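Okay, structure first, notes after.
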Amino acid sequence: MQRGQGCESLRLSVNNLACERGERRIFQDVSFTLDPGEALVITGRNGAGKSSLLDILAGRLHPASGTILLEEAGERTLSESLHYVGHRDALKAALTAEENLSFARDFLGNPALKPREALEAVGLAHAARLPVAYLSAGQRRRVALARLLVAHRPLWLLDEPTSALDTASQENLRLLLENHRENGGMIVATTHSPLFLRDAKEIRIERSRSSAPTGESA
Amino acid sequence: MIRSFRTLLIRDLKLAARVGGSGVMGLIFFLMIVTLIPFALGPDLNLLSRIGPAILWVAALLATLIGLDRLFQADQEDGSLDLLRLSHAPLEMVVLAKVVAYWLVTGLPLAVAAPLLGLLVALSPEGMLAMVATLLVGTPALTFIGAVGAALTSSLRRGGLILAILVVPFMIPTLIFGVSAANAAVGGTIPFMTPFLILAALSLIAAVVGTVGAAAALRSGE
(Lines give C-alpha, C1' and ligand atoms only; values in the text may rest on other atoms or scores of the structure.)
Protein backbone atom coordinates (compact mmCIF):
# COMPACT_ATOMS: atom_id res chain seq x y z
CA MET A 1 0.00 0.00 0.00
CA GLN A 2 2.65 2.46 0.97
CA ARG A 3 4.91 1.62 -1.93
CA GLY A 4 4.42 3.79 -4.97
CA GLN A 5 1.13 5.46 -4.33
CA GLY A 6 0.61 6.64 -7.86
CA CYS A 7 4.23 7.54 -8.22
CA GLU A 8 4.67 5.14 -11.15
CA SER A 9 3.29 7.80 -13.43
CA LEU A 10 4.64 10.81 -11.60
CA ARG A 11 6.63 13.13 -13.79
CA LEU A 12 8.56 16.23 -12.88
CA SER A 13 9.09 18.81 -15.59
CA VAL A 14 11.02 22.00 -15.10
CA ASN A 15 10.98 24.68 -17.75
CA ASN A 16 13.30 27.65 -18.26
CA LEU A 17 13.86 28.13 -14.58
CA ALA A 18 15.75 31.23 -13.54
CA CYS A 19 16.90 32.24 -10.09
CA GLU A 20 17.66 35.64 -8.68
CA ARG A 21 19.03 36.36 -5.27
CA GLY A 22 19.46 39.91 -4.12
CA GLU A 23 18.91 41.42 -7.59
CA ARG A 24 21.57 39.17 -9.09
CA ARG A 25 20.74 36.60 -11.69
CA ILE A 26 22.26 33.33 -10.45
CA PHE A 27 21.24 31.06 -13.30
CA GLN A 28 18.67 30.94 -16.06
CA ASP A 29 17.22 28.63 -18.71
CA VAL A 30 17.42 25.48 -16.63
CA SER A 31 15.08 22.86 -18.06
CA PHE A 32 14.77 19.15 -17.47
CA THR A 33 12.22 16.41 -17.09
CA LEU A 34 12.36 13.50 -14.73
CA ASP A 35 10.40 10.27 -15.10
CA PRO A 36 9.96 7.59 -12.46
CA GLY A 37 13.22 5.77 -11.80
CA GLU A 38 15.35 8.55 -13.19
CA ALA A 39 18.05 10.47 -11.41
CA LEU A 40 19.45 13.89 -12.12
CA VAL A 41 22.87 15.00 -10.99
CA ILE A 42 23.50 18.74 -10.82
CA THR A 43 27.09 19.89 -11.01
CA GLY A 44 28.68 23.30 -11.11
CA ARG A 45 31.20 25.47 -9.36
CA ASN A 46 30.77 26.77 -5.82
CA GLY A 47 28.18 29.49 -5.85
CA ALA A 48 26.82 28.51 -9.24
CA GLY A 49 23.35 28.06 -7.77
CA LYS A 50 23.09 24.31 -7.27
CA SER A 51 21.64 24.61 -3.81
CA SER A 52 19.40 27.46 -4.94
CA LEU A 53 17.96 25.19 -7.62
CA LEU A 54 17.14 22.57 -5.00
CA ASP A 55 15.68 25.27 -2.77
CA ILE A 56 13.38 26.33 -5.58
CA LEU A 57 12.28 22.74 -6.17
CA ALA A 58 11.67 22.31 -2.44
CA GLY A 59 9.57 25.47 -2.40
CA ARG A 60 11.88 27.45 -0.15
CA LEU A 61 12.72 30.02 -2.82
CA HIS A 62 10.57 31.48 -5.53
CA PRO A 63 11.94 31.25 -9.06
CA ALA A 64 12.46 34.54 -10.91
CA SER A 65 10.82 32.92 -13.92
CA GLY A 66 10.01 29.50 -15.28
CA THR A 67 7.69 26.72 -14.21
CA ILE A 68 7.89 23.54 -12.17
CA LEU A 69 5.22 20.98 -12.87
CA LEU A 70 4.54 17.73 -11.10
CA GLU A 71 2.25 15.72 -13.32
CA GLU A 72 -0.04 12.93 -12.17
CA ALA A 73 0.46 13.83 -8.53
CA GLY A 74 -3.24 13.87 -7.79
CA GLU A 75 -4.10 15.87 -4.69
CA ARG A 76 -0.57 16.18 -3.46
CA THR A 77 1.49 19.29 -3.98
CA LEU A 78 5.14 19.20 -4.93
CA SER A 79 6.34 19.85 -1.40
CA GLU A 80 4.25 16.97 -0.09
CA SER A 81 5.86 14.62 -2.60
CA LEU A 82 9.48 15.20 -1.80
CA HIS A 83 12.19 14.64 0.73
CA TYR A 84 14.81 17.31 1.16
CA VAL A 85 18.19 16.67 2.75
CA GLY A 86 20.21 19.85 2.73
CA HIS A 87 23.44 21.08 4.26
CA ARG A 88 21.69 21.59 7.55
CA ASP A 89 20.66 18.21 8.86
CA ALA A 90 17.28 19.25 10.31
CA LEU A 91 18.01 17.15 13.37
CA LYS A 92 17.33 18.22 16.94
CA ALA A 93 20.56 17.82 18.89
CA ALA A 94 18.77 17.23 22.20
CA LEU A 95 16.68 14.33 20.86
CA THR A 96 18.01 10.86 20.12
CA ALA A 97 18.46 9.62 16.59
CA GLU A 98 15.44 7.39 16.99
CA GLU A 99 13.26 10.22 18.34
CA ASN A 100 14.28 12.46 15.45
CA LEU A 101 13.31 9.81 12.94
CA SER A 102 10.04 8.86 14.58
CA PHE A 103 9.11 12.54 14.63
CA ALA A 104 9.81 12.80 10.90
CA ARG A 105 7.88 9.57 10.28
CA ASP A 106 4.76 10.74 12.10
CA PHE A 107 4.97 14.31 10.90
CA LEU A 108 5.53 13.68 7.20
CA GLY A 109 2.88 11.00 6.79
CA ASN A 110 3.01 7.97 4.45
CA PRO A 111 5.16 6.03 6.91
CA ALA A 112 7.56 3.48 5.47
CA LEU A 113 10.37 1.88 7.49
CA LYS A 114 10.41 2.01 11.27
CA PRO A 115 13.09 4.34 12.73
CA ARG A 116 15.13 1.35 13.95
CA GLU A 117 15.06 -0.31 10.54
CA ALA A 118 16.02 2.93 8.81
CA LEU A 119 18.96 3.38 11.18
CA GLU A 120 20.01 -0.19 10.49
CA ALA A 121 19.89 0.53 6.77
CA VAL A 122 22.43 3.34 7.22
CA GLY A 123 24.51 1.28 9.65
CA LEU A 124 23.69 3.28 12.77
CA ALA A 125 21.52 0.87 14.74
CA HIS A 126 23.90 1.12 17.69
CA ALA A 127 23.42 4.90 17.92
CA ALA A 128 19.62 4.85 18.04
CA ARG A 129 19.41 5.89 21.67
CA LEU A 130 22.17 8.48 21.60
CA PRO A 131 21.29 12.17 21.46
CA VAL A 132 22.24 13.51 18.06
CA ALA A 133 24.53 16.03 19.78
CA TYR A 134 26.92 13.17 20.56
CA LEU A 135 27.19 12.01 16.95
CA SER A 136 29.93 12.98 14.49
CA ALA A 137 29.23 15.01 11.37
CA GLY A 138 29.19 11.91 9.19
CA GLN A 139 26.90 10.05 11.56
CA ARG A 140 24.48 12.98 11.67
CA ARG A 141 24.44 13.06 7.91
CA ARG A 142 23.56 9.36 7.94
CA VAL A 143 20.71 9.95 10.39
CA ALA A 144 19.44 12.72 8.10
CA LEU A 145 19.65 10.30 5.16
CA ALA A 146 17.78 7.68 7.18
CA ARG A 147 14.89 10.14 7.18
CA LEU A 148 14.49 9.36 3.47
CA LEU A 149 13.50 5.83 4.45
CA VAL A 150 11.00 6.46 7.25
CA ALA A 151 8.40 8.22 5.10
CA HIS A 152 7.56 7.33 1.56
CA ARG A 153 8.01 10.21 -0.86
CA PRO A 154 8.68 9.75 -4.56
CA LEU A 155 11.09 12.65 -5.12
CA TRP A 156 14.33 12.95 -3.19
CA LEU A 157 16.22 16.24 -3.25
CA LEU A 158 19.75 15.79 -1.96
CA ASP A 159 22.22 18.61 -1.50
CA GLU A 160 25.70 17.11 -1.64
CA PRO A 161 24.59 13.92 0.07
CA THR A 162 28.08 12.44 0.22
CA SER A 163 29.68 15.27 2.17
CA ALA A 164 31.20 14.06 5.46
CA LEU A 165 30.48 10.42 4.54
CA ASP A 166 33.21 7.77 4.52
CA THR A 167 33.71 5.48 1.53
CA ALA A 168 31.64 2.62 2.93
CA SER A 169 28.73 4.96 3.70
CA GLN A 170 28.97 6.49 0.25
CA GLU A 171 28.62 3.04 -1.30
CA ASN A 172 25.72 2.33 1.06
CA LEU A 173 24.05 5.58 0.00
CA ARG A 174 24.49 4.66 -3.66
CA LEU A 175 22.68 1.36 -3.03
CA LEU A 176 19.85 3.19 -1.21
CA LEU A 177 19.48 5.59 -4.12
CA GLU A 178 19.47 2.81 -6.71
CA ASN A 179 16.91 0.92 -4.65
CA HIS A 180 14.69 4.00 -4.51
CA ARG A 181 14.91 4.34 -8.29
CA GLU A 182 14.01 0.70 -8.82
CA ASN A 183 10.85 1.33 -6.83
CA GLY A 184 9.89 4.13 -9.17
CA GLY A 185 11.38 7.02 -7.22
CA MET A 186 13.11 10.08 -8.60
CA ILE A 187 16.29 11.71 -7.37
CA VAL A 188 17.75 15.16 -7.86
CA ALA A 189 21.18 15.52 -6.29
CA THR A 190 23.86 18.16 -6.35
CA THR A 191 27.39 16.93 -6.03
CA HIS A 192 31.05 17.64 -6.54
CA SER A 193 32.24 14.05 -6.31
CA PRO A 194 30.76 11.44 -8.63
CA LEU A 195 27.81 9.52 -7.21
CA PHE A 196 28.23 6.57 -9.63
CA LEU A 197 24.52 6.35 -10.28
CA ARG A 198 23.50 4.14 -13.19
CA ASP A 199 22.78 6.22 -16.34
CA ALA A 200 21.83 9.35 -14.43
CA LYS A 201 21.06 12.54 -16.30
CA GLU A 202 23.43 15.38 -15.63
CA ILE A 203 23.13 19.12 -15.96
CA ARG A 204 25.82 21.63 -15.27
CA ILE A 205 24.80 24.99 -13.93
CA GLU A 206 26.83 27.99 -15.00
CA ARG A 207 26.69 31.53 -13.78
CA SER A 208 24.76 33.79 -16.13
CA ARG A 209 26.92 35.70 -18.55
CA SER A 210 26.24 39.07 -16.92
CA SER A 211 28.19 38.31 -13.78
CA ALA A 212 31.69 37.22 -12.82
CA PRO A 213 34.57 36.74 -15.21
CA THR A 214 34.62 33.31 -16.82
CA GLY A 215 37.55 30.98 -16.41
CA GLU A 216 37.99 28.39 -13.73
CA SER A 217 38.78 29.60 -10.29
CA ALA A 218 41.54 27.77 -8.50
CA MET B 1 -3.17 16.82 9.84
CA ILE B 2 -4.15 16.35 13.49
CA ARG B 3 -1.42 13.74 13.70
CA SER B 4 1.21 16.18 12.43
CA PHE B 5 -0.04 18.77 14.89
CA ARG B 6 0.18 16.39 17.82
CA THR B 7 3.58 15.04 16.77
CA LEU B 8 5.07 18.52 16.55
CA LEU B 9 3.49 19.57 19.84
CA ILE B 10 4.98 16.58 21.61
CA ARG B 11 8.37 17.13 20.01
CA ASP B 12 8.49 20.73 21.20
CA LEU B 13 7.42 19.79 24.71
CA LYS B 14 10.15 17.13 24.78
CA LEU B 15 12.73 19.63 23.57
CA ALA B 16 11.69 22.12 26.24
CA ALA B 17 12.15 19.46 28.91
CA ARG B 18 15.63 18.42 27.75
CA VAL B 19 18.91 20.04 28.71
CA GLY B 20 19.20 23.45 27.12
CA GLY B 21 15.47 23.66 26.57
CA SER B 22 13.57 26.78 27.51
CA GLY B 23 11.22 24.95 29.85
CA VAL B 24 11.82 26.55 33.25
CA MET B 25 13.64 29.67 32.07
CA GLY B 26 10.53 31.85 31.86
CA LEU B 27 9.29 30.70 35.24
CA ILE B 28 12.59 31.44 36.96
CA PHE B 29 12.75 34.85 35.34
CA PHE B 30 9.19 35.53 36.55
CA LEU B 31 10.17 34.45 40.05
CA MET B 32 13.24 36.70 40.01
CA ILE B 33 11.35 39.86 39.09
CA VAL B 34 8.55 39.24 41.55
CA THR B 35 10.94 38.54 44.42
CA LEU B 36 13.14 41.54 43.67
CA ILE B 37 10.40 44.16 43.61
CA PRO B 38 9.25 43.82 47.28
CA PHE B 39 12.88 44.27 48.31
CA ALA B 40 13.13 47.40 46.22
CA LEU B 41 9.84 48.88 47.44
CA GLY B 42 10.29 48.17 51.12
CA PRO B 43 7.87 46.59 53.62
CA ASP B 44 4.78 48.61 52.80
CA LEU B 45 2.11 45.91 52.54
CA ASN B 46 -0.68 48.25 51.46
CA LEU B 47 1.40 49.59 48.59
CA LEU B 48 2.48 46.09 47.59
CA SER B 49 -1.00 44.66 47.53
CA ARG B 50 -2.24 47.68 45.55
CA ILE B 51 0.37 47.32 42.78
CA GLY B 52 0.74 43.53 43.13
CA PRO B 53 -1.36 42.62 40.08
CA ALA B 54 0.58 45.11 37.96
CA ILE B 55 3.92 43.64 39.13
CA LEU B 56 2.80 40.11 38.36
CA TRP B 57 1.49 41.10 34.94
CA VAL B 58 4.62 43.01 33.91
CA ALA B 59 6.74 40.10 35.11
CA ALA B 60 4.59 37.67 33.11
CA LEU B 61 4.95 39.81 30.00
CA LEU B 62 8.73 39.93 30.32
CA ALA B 63 8.93 36.23 31.12
CA THR B 64 6.97 35.47 27.95
CA LEU B 65 9.39 37.58 25.92
CA ILE B 66 12.56 36.04 27.22
CA GLY B 67 12.58 32.75 25.32
CA LEU B 68 10.46 33.92 22.43
CA ASP B 69 13.33 34.71 20.05
CA ARG B 70 14.20 31.01 19.88
CA LEU B 71 10.67 29.96 18.98
CA PHE B 72 11.34 29.71 15.24
CA GLN B 73 15.02 30.63 15.17
CA ALA B 74 16.16 27.28 16.56
CA ASP B 75 14.28 25.46 13.80
CA GLN B 76 15.53 27.91 11.20
CA GLU B 77 19.17 27.39 12.19
CA ASP B 78 19.29 23.61 12.16
CA GLY B 79 17.16 23.26 9.03
CA SER B 80 14.15 21.78 10.81
CA LEU B 81 11.97 24.55 9.42
CA ASP B 82 12.59 23.19 5.92
CA LEU B 83 11.42 19.81 7.14
CA LEU B 84 8.32 21.35 8.73
CA ARG B 85 7.38 22.91 5.39
CA LEU B 86 7.23 19.51 3.71
CA SER B 87 4.22 18.30 5.63
CA HIS B 88 0.75 18.16 4.14
CA ALA B 89 -0.31 20.23 7.13
CA PRO B 90 -0.30 23.95 6.30
CA LEU B 91 2.31 26.22 7.85
CA GLU B 92 -0.40 27.79 10.02
CA MET B 93 -0.85 24.42 11.70
CA VAL B 94 2.90 24.21 12.31
CA VAL B 95 2.88 27.67 13.87
CA LEU B 96 -0.13 26.83 16.01
CA ALA B 97 1.48 23.64 17.34
CA LYS B 98 4.70 25.45 18.20
CA VAL B 99 2.94 28.36 19.89
CA VAL B 100 0.68 26.08 21.92
CA ALA B 101 3.74 24.11 23.04
CA TYR B 102 5.49 27.34 23.94
CA TRP B 103 2.52 28.55 25.95
CA LEU B 104 2.28 25.23 27.79
CA VAL B 105 5.88 25.55 28.98
CA THR B 106 5.89 29.31 29.70
CA GLY B 107 2.40 30.83 30.05
CA LEU B 108 0.70 28.00 31.90
CA PRO B 109 3.39 27.61 34.62
CA LEU B 110 3.22 31.38 35.23
CA ALA B 111 -0.52 31.21 35.85
CA VAL B 112 -0.12 28.19 38.11
CA ALA B 113 2.70 29.81 40.09
CA ALA B 114 0.85 33.12 40.46
CA PRO B 115 -0.81 32.32 43.85
CA LEU B 116 2.55 31.45 45.39
CA LEU B 117 4.12 34.63 44.13
CA GLY B 118 1.01 36.54 45.11
CA LEU B 119 2.04 35.91 48.71
CA LEU B 120 5.20 37.91 48.09
CA VAL B 121 3.22 40.95 47.02
CA ALA B 122 0.57 40.55 49.76
CA LEU B 123 -2.36 39.72 47.50
CA SER B 124 -5.70 38.81 49.08
CA PRO B 125 -7.12 35.32 48.30
CA GLU B 126 -9.61 36.81 45.80
CA GLY B 127 -6.74 38.69 44.24
CA MET B 128 -4.76 35.48 43.79
CA LEU B 129 -7.69 33.73 42.19
CA ALA B 130 -8.17 36.68 39.86
CA MET B 131 -4.46 36.62 38.98
CA VAL B 132 -4.64 32.96 38.02
CA ALA B 133 -7.74 33.57 35.91
CA THR B 134 -6.39 36.64 34.13
CA LEU B 135 -2.98 35.08 33.47
CA LEU B 136 -4.60 31.89 32.21
CA VAL B 137 -6.77 33.83 29.78
CA GLY B 138 -4.33 36.62 28.95
CA THR B 139 -0.94 34.97 28.45
CA PRO B 140 -2.05 33.20 25.24
CA ALA B 141 -2.52 36.66 23.72
CA LEU B 142 1.05 37.58 24.68
CA THR B 143 2.41 34.36 23.18
CA PHE B 144 0.50 34.65 19.92
CA ILE B 145 1.44 38.30 19.44
CA GLY B 146 5.03 37.42 20.23
CA ALA B 147 4.97 34.59 17.69
CA VAL B 148 4.56 37.08 14.83
CA GLY B 149 7.66 38.92 16.00
CA ALA B 150 9.52 35.65 16.46
CA ALA B 151 8.68 34.63 12.90
CA LEU B 152 9.76 38.00 11.51
CA THR B 153 13.11 37.88 13.30
CA SER B 154 13.74 34.13 12.89
CA SER B 155 16.56 34.61 10.40
CA LEU B 156 18.29 37.39 12.32
CA ARG B 157 21.33 36.43 14.32
CA ARG B 158 20.52 38.43 17.42
CA GLY B 159 16.86 39.14 16.96
CA GLY B 160 15.85 39.22 20.61
CA LEU B 161 15.95 42.97 21.07
CA ILE B 162 14.29 43.79 17.75
CA LEU B 163 11.65 41.22 18.59
CA ALA B 164 10.90 42.95 21.89
CA ILE B 165 10.69 46.36 20.26
CA LEU B 166 8.36 44.99 17.59
CA VAL B 167 5.89 43.18 19.80
CA VAL B 168 5.79 45.03 23.12
CA PRO B 169 3.56 47.86 21.80
CA PHE B 170 1.01 45.28 20.66
CA MET B 171 1.07 43.62 24.07
CA ILE B 172 0.07 46.79 25.90
CA PRO B 173 -3.72 46.34 25.50
CA THR B 174 -3.45 42.85 26.97
CA LEU B 175 -1.46 44.25 29.87
CA ILE B 176 -4.00 47.01 30.52
CA PHE B 177 -7.03 44.74 30.55
CA GLY B 178 -5.22 41.98 32.44
CA VAL B 179 -4.25 44.32 35.25
CA SER B 180 -7.61 46.08 35.35
CA ALA B 181 -9.46 42.76 35.56
CA ALA B 182 -7.21 41.62 38.40
CA ASN B 183 -7.73 44.96 40.19
CA ALA B 184 -11.47 44.84 39.66
CA ALA B 185 -11.60 41.52 41.48
CA VAL B 186 -10.19 42.98 44.70
CA GLY B 187 -12.40 46.06 44.70
CA GLY B 188 -13.01 49.01 42.51
CA THR B 189 -15.79 50.58 40.58
CA ILE B 190 -16.06 48.25 37.60
CA PRO B 191 -17.24 44.64 37.69
CA PHE B 192 -14.61 41.92 37.13
CA MET B 193 -16.24 40.51 34.02
CA THR B 194 -16.05 43.67 31.89
CA PRO B 195 -12.26 43.84 31.48
CA PHE B 196 -11.99 40.05 31.78
CA LEU B 197 -14.17 39.44 28.73
CA ILE B 198 -12.22 41.98 26.74
CA LEU B 199 -9.04 40.15 27.78
CA ALA B 200 -10.54 36.88 26.54
CA ALA B 201 -11.47 38.57 23.27
CA LEU B 202 -7.93 39.87 22.87
CA SER B 203 -6.60 36.34 23.28
CA LEU B 204 -8.99 34.96 20.69
CA ILE B 205 -8.13 37.71 18.19
CA ALA B 206 -4.42 37.22 18.82
CA ALA B 207 -4.77 33.46 18.28
CA VAL B 208 -6.13 34.00 14.77
CA VAL B 209 -4.06 37.01 13.73
CA GLY B 210 -0.90 35.65 15.36
CA THR B 211 -1.12 32.24 13.71
CA VAL B 212 -1.84 33.57 10.23
CA GLY B 213 0.63 36.43 10.61
CA ALA B 214 3.49 34.26 11.84
CA ALA B 215 2.93 31.75 9.04
CA ALA B 216 2.95 34.55 6.47
CA ALA B 217 6.15 35.95 7.98
CA LEU B 218 7.81 32.54 7.80
CA ARG B 219 6.75 32.09 4.17
CA SER B 220 8.27 35.37 3.11
CA GLY B 221 11.26 34.92 5.37
CA GLU B 222 13.66 33.21 2.99
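The values are calculated or read from the model by the stated rules, or taken from the named source; none is laboratory data. Just so we're clear, the structure is a prediction, and the values are computed from it rather than from any experiment. All Cβ positions, even for glycine, are placed from backbone atoms using ideal geometry, and neighbour counts span all protein chains on display.
Please enumerate the residues belonging to segment A:62-92 that are among the aliphatic types (A, V, I, L, M) and either out of contact with any helix residue (DSSP H, G or I) (no Cβ under 7 Å at 6 or more places or on another chain) or surrounded by fewer than 18 Cβ atoms within 10 Å (Cβ to Cβ) (or both).
A:ALA64, A:ILE68, A:LEU69, A:ALA73, A:LEU78
Looking at B:ASP12, is it within 14 Å of chain A (Cβ to nearest Cβ) and touching a strand residue (DSSP E or B) at 6+ places or on another chain (Cβ under 8 Å)?
no
Here is a check on your reading of the model: is A:VAL150 under 10 Å from A:ALA97 (Cα atoms), under 20 Å from the mean Cα position of the chain (by Cα) and buried (at least 24 other Cβ atoms within 10 Å of the Cβ)?
no
Name the single residue, out of those in segment B:19-48 being of a type outside the set (A, V, I, L, M) and buried (at least 17 other Cβ atoms within 10 Å of the Cβ), that is nearest to the other protein chains (Cβ to nearest Cβ).
Filtering segment B:19-48 for residues that are of a type outside the set (A, V, I, L, M) and buried (at least 17 other Cβ atoms within 10 Å of the Cβ), the one nearest to the other protein chains (Cβ to nearest Cβ) comes out as B:GLY21.
Keeping to segment A:131-182, report how many residues are in contact (Cβ under 8 Å) with a residue 40 or more places away in the chain, in contact with a Gly (Cβ under 6 Å, 6 or more places away or on another chain) and assigned to a loop (DSSP other than H, G, I, E, B).
Selection size over segment A:131-182: 1.
Look at segment B:114-129 and say how many of its residues are touching a residue at least 60 places away in the same chain (Cβ under 8 Å) and assigned to a helix (DSSP H, G or I).
5
Among the residues of segment A:62-84, how many are at pLDDT below 85 and part of a loop (DSSP other than H, G, I, E, B)?
Adding up the residues that qualify gives 6.
Residues to consider are A:ALA104, A:ALA90; find the one that is of a type outside the set (S, T, N, Q), on the phi > 0 side of the Ramachandran plot and at the interface with another protein chain (Cβ under 8 Å from one of its Cβ atoms).
A:ALA90
Among the numbered conditions (1) more than 9 Å from chain B (Cβ to nearest Cβ); (2) touching a residue at least 24 places away in the same chain (Cβ under 8 Å); (3) under 16 Å from A:GLN139 (Cβ atoms), tell me where A:ALA112 comes up short.
Tallying (1) more than 9 Å from chain B (Cβ to nearest Cβ); (2) touching a residue at least 24 places away in the same chain (Cβ under 8 Å); (3) under 16 Å from A:GLN139 (Cβ atoms), A:ALA112 fails exactly one: (3).
Return the only residue of A:LEU124, A:LEU158 being within 14 Å of chain B (Cβ to nearest Cβ), on the phi < 0 side of the Ramachandran plot and either in contact with a Pro (Cβ under 8 Å, 6 or more places away or on another chain) or crowded, with 19+ Cβ neighbours inside 10 Å (or both).
Only one candidate qualifies: A:LEU158.
This table checks each residue for (1) at pLDDT below 95; (2) within 17 Å of B:ASP69 (Cβ to Cβ); (3) part of a helix (DSSP H, G or I).
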position	(1), (2), (3)
B:SER154	yes, yes, no
B:ARG158	yes, yes, no
B:LEU163	yes, yes, yes
B:PHE170	no, yes, yes
B:LEU175	no, no, yes
B:ASN183	yes, no, yes
B:LEU204	no, no, yes
B:VAL208	no, no, yes
B:VAL212	no, no, yes
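State which residue is farthest from the other protein chains (Cβ to nearest Cβ) when the search covers only segment B:75-113 and only residues that are closer than 15 Å to B:ASP12 by Cβ and part of a loop (DSSP other than H, G, I, E, B).
The qualifying residue farthest from the other protein chains (Cβ to nearest Cβ) is B:THR106.
Any idea which of A:THR162, A:THR191 is modelled with pLDDT under 90 and under 14 Å from A:VAL122 (Cα atoms)?
A:THR162
Given the structure, is B:PRO43 assigned to a loop (DSSP other than H, G, I, E, B) and of a type outside the set (S, T, N, Q)?
The answer is yes for B:PRO43.
Please go through (1) more than 12 Å from chain B (Cβ to nearest Cβ); (2) assigned to a helix (DSSP H, G or I); (3) of a type in the set (Lys, Arg) for A:ARG45 and return the number of the only condition it doesn't satisfy.
Every listed condition holds for A:ARG45 apart from (2).
Among all residue pairs at least 6 apart or on different chains, which show Cβ distances below 8 Å where the first residue, located in segment A:63-88, is more than 21 Å from B:ASP82 (Cβ to Cβ) and in the same structural domain as A:ALA164 (by TED's automatic domain parsing) and the second is assigned to a loop (DSSP other than H, G, I, E, B) and modelled with pLDDT under 85?
What qualifies is A:GLU71/A:SER9; A:GLU71/A:LEU10; A:GLU72/A:GLY6; A:GLU72/A:SER9; A:GLU72/A:LEU10; A:GLY74/A:GLY6.
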